[in-house]
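All remarks here apply to the structure that follows.
No value in this document is a laboratory result; all are computed from the given coordinates. All values reported here derive from a predicted model rather than from experimental measurement. For neighbour counting, all protein chains shown are included, and Cβ atoms are generated from backbone atoms with ideal geometry for every residue, glycine included.
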Amino acid sequence: MELISTSFQCNNHCIFCAQKGLSAEKFAKDENTLIQKTLEVVGRDSKIAFVGGEPTLHPGLMVAVSAAKEAGASHVLVQTNGRRLAYESFARSLKDAGVSALDISLQGSTPTMHDYHTQVSGSWAQTILGIKRARELGFTIGVSTVITRSNFRHLTEIARLAHHLGAKGFHLNLALPYGEAGKSWARVIPSAEMAGSHLEEAVNLSKNLGLSLLVLGRVFSEDTRDLFAGIGLYQPAEKGTVPFFQKKGTVPFSRPKPGLGERRGAPKTGAELQKLFPAIFTGAELPGGKPPSPVKK
Ligand code: SF4
């Protein structure tokens, strides 16, 4: 699938956004540039994907999609946070222009979880409504989730929600230490040791639900390739495996194990702790004086 970059502009401010601070050189600044870039890559029966930032904010998106269809594109995908799809007229225009599939980012199974990641209050409600509208209009939907320290325990819930909303595929990837996540990686990126079992559970559940999977850069079935942008770069997963999490030390960019990357003081003995925090042991400085003596039986 050929990728067409629209712009870095986005109406979310994700805590893991890898694009913050990148050069805008390869992006299309206006409608004409976007059409030109589109026609450069489109051929008969070609498959293309518009990516961002947030492509639905680009003023030239509709005309570029129409131009691609006229030039013979057989499959047009838009990678989006889904918020503008909550507006029915916008979603319908995208459909009429010729978009067939949407790769929609969903970072949580609840408003609090998702909105924490996007840093936009109300974004979960818009994205969920956007997915519903898109399904009603007949778009094929893939849902993409970035695994962070704040959602790794809820991956199965997100998979269930995606399936419930009518998604055909589920894409899971780790937050990478670039852009926003690069600034606060210790808060954002989970350790592989902790996230691994949750990921495995989500993969097994997704398989049972019949979702096409793209996990940490590996596809589990060929039909996944039409659901997510840039999938030509990915490799097939070995049958029945959870990629990368299988072997120790093969997880890219995960947090270091506790003790390797974090400095902790030498353990203290009871006597040393008593010296440091006498009030805890004697109760002398606690309100009400010493703690009550144990009741004698
Ligand atoms: S929706 Fe995508 S482009 Fe927008 S801030 Fe989040 S990660 Fe970045």
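Exposure proxy for Arg83, Arg44, Arg133: other Cβ atoms within 10 Å of each Cβ, ordered fewest to most, give Arg44, Arg133, Arg83. On the basis of the beta-carbon distance and an R0 of 30 Å, Arg44 and Ser221 show a calculated FRET efficiency of 0.70. Positive end of the dipole of the range 76-205 (Cβ unit charges, origin at the Cα centre): among Ser184, Gly108, Thr80, the Cα lying farthest that way belongs to Thr80.
Here the translational diffusion coefficient of the range 63-197 follows from Stokes-Einstein with Rh set to the Kirkwood radius across Cα pairs; for 25 °C and 0.890 mPa s it amounts to 156 µm²/s. Dipole orientation for the range 1-79: of the candidates Cys17, Ser46, Leu57, Cys17 has the Cα lying most toward the positive pole (charges on Cβ; Lys, Arg +1; Asp, Glu -1).
Here the range 84-107 and the range 195-210 have alpha carbon centers that stand 27 Å from each other.
If the limit is 18 Å between Cα atoms, which of Lys20/Lys47; Lys20/Lys95; Lys37/Lys168; Lys69/Lys168; Lys132/Lys168 go over it? Result: Lys20/Lys47; Lys20/Lys95; Lys37/Lys168; Lys69/Lys168 exceed 18 Å.
Take the Cα radius of gyration of the range 2-236 and divide it by 2.2 N^0.38 Å, N being the number of residues; the result is 0.96.
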